[in-house]
Amino acid sequence: MTEQLFLGITGLIFAALFVWGFRVLPRERWQMLAAIPLHKEEQGQWRALNLTYYGFLLAGATAISSLYGLILLQSTSMYLPGVIAVFLLIFSVSLPAAKILARIVEKKLHTFTVGGAFFCGLLFAPWAIVAVNLVLRLAGAPELNLLVVLAALAISYVLGEGLGRLSCVSYGCCYGKPLKESNWLTRRIFHRFSFVFTGATKKVAYDGGLEGEKLLPIQAITCVLYTATALFSTHLFLQGRYAAAFLLSLIVSQVWRFLSETMRADFRGFGRISVYQKMSLVAVPYAILIAWFVSAAVLPPPSIILGLSILTQPLPMIGLQLLWLSIFLIFGRSTATGSTVSFHVVKTDQP
């Protein structure tokens with residue numbers, strides 16, 4: 001009963017977030033969060049740095065999904081210092097990869113790739129856990145169960161990417177093809193649910209020339225599909241079915257990544273099949289091999305009540321706040337847009 005309550009409440013929260021985000025984030029108002037004056041120019045104007053809702057929402061999605069993963073691992077009584085070490089190692093690889101791979105594949109400076117970051121993180125994750133376990137063994141501390149940790153990481157990833165697509169809606173990136181170019185069935189299904197972006201500084205406008213067009217809401221589909229997958233995988237995880245939770249999260253996410261790129265209008269690299277699609281094709285058999293050769297030890301049934309107790313522990317909570325701030329500072333400072341601001345005194349009738 002407790003498990004169903006946890007899944008039901010989180011599902012309702014995510015659904016409410018999506019209803020709000022799909023309605024307001026395509027609007028011009030919801031791209032820039034703030035502008036910080038940097039250098040004074042002529043006529044009292046200041047050149048400013050734009051802070052974006054893209055970074056704000058992406059940082060939130062990363063922090064929430066990381067918290068979700070920590071809750072799941074706490075529910076299985078995994079050794080917390082070891083878990084935190086694994087998270088830090090994976091972030092240290094995947095965050096730089098988001099920029100580096102995008103520059104290599106797309107030949108652009110002002111872009112990121114979640115798919116590339118995930119692929120590097122997936123390849124590295126098992127070895128990061130093995131390395132942490134070696135240190136824990138030398139220290140005489142409890143070791144981590146490889147499959148359990150991978151299952152929690154997979155759920156955390158698919159939830160994070162699902163929630164993180166709201167940032168794409170705000171920035172107008174990862175956009176779908178125009179509905180007018182789709183077949184009649186697609187137009188009929190998505191006519192009322194299409195995205196129409198406004199604002200010349202959104203990527204869909206300056207890079208795709210599709211401002212004001214009805215577009216296939218590929219970001220929204222990804223949000224709903226990935227979040228639903230994460231919730232169902234969580235149910236499997238809390239039933240002790242770790243391999244099933246791991247495989248479901250990764251197979252659904254990577255198959256959809258491959259298919260969804262055929263429905264997108266943004267540039268994804270050169271070639272008929274993009275590098276990101278090839279990464280998703282490699283990720284699926286890699287995940288299956290891991291699940292085939294790695295088994296979960298006999299563990300006590302997970303307890304979501306025990307998992308939620310992590311909310312009372314200062315170290316992981318402070319760490320998540322620092323993670324949010326780091327992600328926001330990395331991805332929330334816009335290098336693709338600029339702004340100028342001016343200041344004036346508000347005159348009133350008072351002497």
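Structure notes:
- With 0.36 nm allotted per residue and the present C-alpha distance subtracted, the Leu308-His191 stretch has 38.0 nm of extension available.
- Cβ charges +1 (Lys, Arg) and -1 (Asp, Glu), total dipole of the range 220-351, debye: 300
- Estimated [θ] at 222 nm from DSSP helical runs (n ≥ 4, -39500 (n - 2.57)) normalised by residues in the chain, nearest 500: -21000 deg cm²/dmol
- Leading residue at positive end of dipole, the range 49-338 (Cβ point charges), from Ala245, Ala205, Val255: Ala205
- Helix 53-75 and the longest principal axis of the C-alpha atoms of the chain enclose an angle of approximately 10°.
- Taking Thr222, Thr335 and counting other C-beta atoms within 10 Å, the order from fewest to most: Thr335, Thr222
- Using the Cβ-Cβ distance between Leu259 and Thr348 with R0 set to 45 Å, the FRET efficiency from 1/(1 + (r/R0)^6) comes to roughly 0.15.
- Using a simple spin-label model with pseudo-atoms 7 Å out from Cα toward Cβ, Leu325 and Tyr286 lie 3.3 nm apart.
- Counted by neighbouring Cβ atoms within 10 Å, the residues Val345, Val294, Val132 run from fewest to most as Val345, Val294, Val132.
- Paramagnetic reach from Ala200 in the range 321-351 [backbone N under 16 Å; point 7 Å along Cα→Cβ]: 337-341
- The angle between the Cα long axis of helix 146-171 and the longest principal axis of the Cα atoms of the chain comes to about 10 degrees, rounded to the nearest 10.
- Counting every other Cβ atom within 10 Å of each residue's Cβ, Phe237, Phe193 order from fewest to most as Phe193, Phe237.
- Relative to the longest principal axis of the Cα atoms of the chain, the long axis of helix 2-24 lies at roughly 20 degrees.
- About the centre of its Cα atoms, the range 49-338 shows a dipole size close to 720 debye [charges on the beta carbon of Lys, Arg (+1) and Asp, Glu (-1) only; nearest 20 debye].
Since every read-out is calculated from the coordinates, none of them should be taken as a lab result. Quick caveat, the model's predicted, so the values are computed rather than measured. Ideal geometry is used to build each Cβ from the backbone, glycine not excepted, and the neighbour counts take in all protein chains shown.
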